[in-house]
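See structure below.
The values are calculated or read from the model by the stated rules, or taken from the named source; none is laboratory data. Fair warning: this is a prediction, and the values are worked out from it, not measured in the lab. Reconstructed Cβ throughout: ideal geometry from the backbone, glycine too, with neighbour counts over all protein chains shown.
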Amino acid sequence: MAVETISKAAEIIKNGGLVAFPTETVYGLGADAFNPQAVARVYLAKGRPGDNPLILHIATIEQFLELADSPPPYAMTLIKACWPGPLTLIIKKKPHLPAWVGGHPNKTTQTIGIRMPSHPVAKALLQASNCPIAAPSANKSGRPSPTTTSHVIDDFAATGELDMILDGENSDIGIESTVVDMTGAYPVILRPGSITAETIWEVTGLKSGTSTAADTSPPRSPGMKYRHYAPKAPMQILKGEPHNIAAYILKQCTENPSKEHQVGVLVTDSVNNILSGKIPQNVEMMILGNNNNDIAQNLFAHLRRFDKLNVKIIYTEAVLDTGIGIAIMDRMLKAAEGNVFEV
Ligand code: TXA
Ligand code: MG
């Protein structure tokens, strides 16, 4: 990307404006993390509840050490192994920092979420801005996270709330970073991502706990209690043998063959092959991909396509629950509000 474009974006950040930018996970909607007016605009633009804190994006370890209060040794080990990359640390915040930093300007936070992204455009913007950038995913609250520039445009172009969108390729990973609470004696995964519990185990020798929305009240990661990644149509996740999934989908679709009742179907090649030639007219087929990395990369884009096609219901094949598959299932379950069918 042209140096002038990055300089212009950095000027906007420094002057309190909002810039959407690509990262290796999903696109972020950034503002100067220490400018309360700018951060308040991020919440307003997204329609984000004020009790849901933001991740601060940084470019250097020095910036991390200025924000984090005595990070545990295992956090430093993870940073060495995983940064820059798709790992967000929740850490106790330095006491001299403004009480609100890391969250909404009207709230107080004791902890702070920090991540050093690896995407070259994100890195260039952070370096040129020379400040931590508070950035949630660049979608309207509740919508699937954006993995292309056009997703950001779809959510925000009409509203004029963003001052600039930095163009990038499609996101490499496609789902958001792993969020890990590192305020205790051992790491606790608050949001699964491409950095898995196995990686954390291999790197630190520590078994990480997991925390789900049901675990604690109030939840430790406030974002987990909101409906997320949600397509407009209701969604069903189908678990079972490919033949059973195909048969179930065919039955559902043929029971409702009218063109007005569009059905979205999101399956792997193996189910698609079984269905081929038998798919009724009212079905919009999308292929998930054949491995979990491809599936992660494509999931949100497919959900957004179904919205544009105005489907009335979505059937999705469940994925293998290992590695990044755990994060994919987490996002699918949130999109489907836990609606799983064994077929
Ligand atoms: O990959 C990503 O993490 C992307 C890119 C843009 O970096 N960002 C992202 O941000 O997904 P957002 O705001 O959509 O999700 C951040 C999550 C939320 O669930 C939020 O509640 C949690 O991180 N979080 C942020 N700060 C926190 C804190 N201090 N304590 C607990 N949870 C926190
Ligand atoms: Mg988000």
State whether one or more residues within segment 111-120 are of a type in the set (Gly, Ala, Ser) and near ligand 1 (Cβ under 10 Å from one of its atoms).
yes
Which ones in segment 308-343 are touching a Lys or Arg at 6+ places or on another chain (Cβ under 7 Å) and within 18 Å of Asn290 (Cα to Cα)?
Ala318
The one condition Ala185 fails out of (1) part of a loop (DSSP other than H, G, I, E, B); (2) in contact with a Lys or Arg (Cβ under 7 Å, 6 or more places away or on another chain) is (2)
Considering every residue within segment 59-69, establish whether at least one is touching a residue at least 40 places away in the same chain (Cβ under 8 Å), closer than 15 Å to Gly30 by Cα, buried (at least 20 other Cβ atoms within 10 Å of the Cβ) and not basic (Lys, Arg).
yes
Out of everything in segment 130-160 that is in a loop (DSSP other than H, G, I, E, B), out of contact with any Leu (no Cβ under 7 Å at 6 or more places or on another chain) and away from ligand 2 (no atom under 15 Å from the Cβ), what residue ends up being nearest to Arg304 (Cα to Cα)?
Thr148
Conditions (1) farther than 24 Å from Pro192 by Cα; (2) at pLDDT below 95: number failed by Asp321
(1)
Limited to segment 144-194, what total is found for residues that are touching a His at 6+ places or on another chain (Cβ under 9 Å), under 27 Å from Ala233 (Cα atoms) and more than 10 Å from ligand 1 (Cβ to nearest atom)?
2
Please indicate, with yes or no, whether at least one residue in segment 110-129 is away from ligand 2 (no atom under 16 Å from the Cβ), assigned by TED's automatic domain parsing to the domain that holds Gly50, over 29 Å from Thr149 (Cβ atoms) and assigned to a loop (DSSP other than H, G, I, E, B).
yes
Flagged in segment 1-56 as basic (Lys, Arg) and within 16 Å of ligand 1 (Cβ to nearest atom), in numbering order, are Arg41, Lys46, Arg48
Count - residues of segment 162-182 that are within 16 Å of ligand 2 (Cβ to nearest atom) and part of a loop (DSSP other than H, G, I, E, B):
7
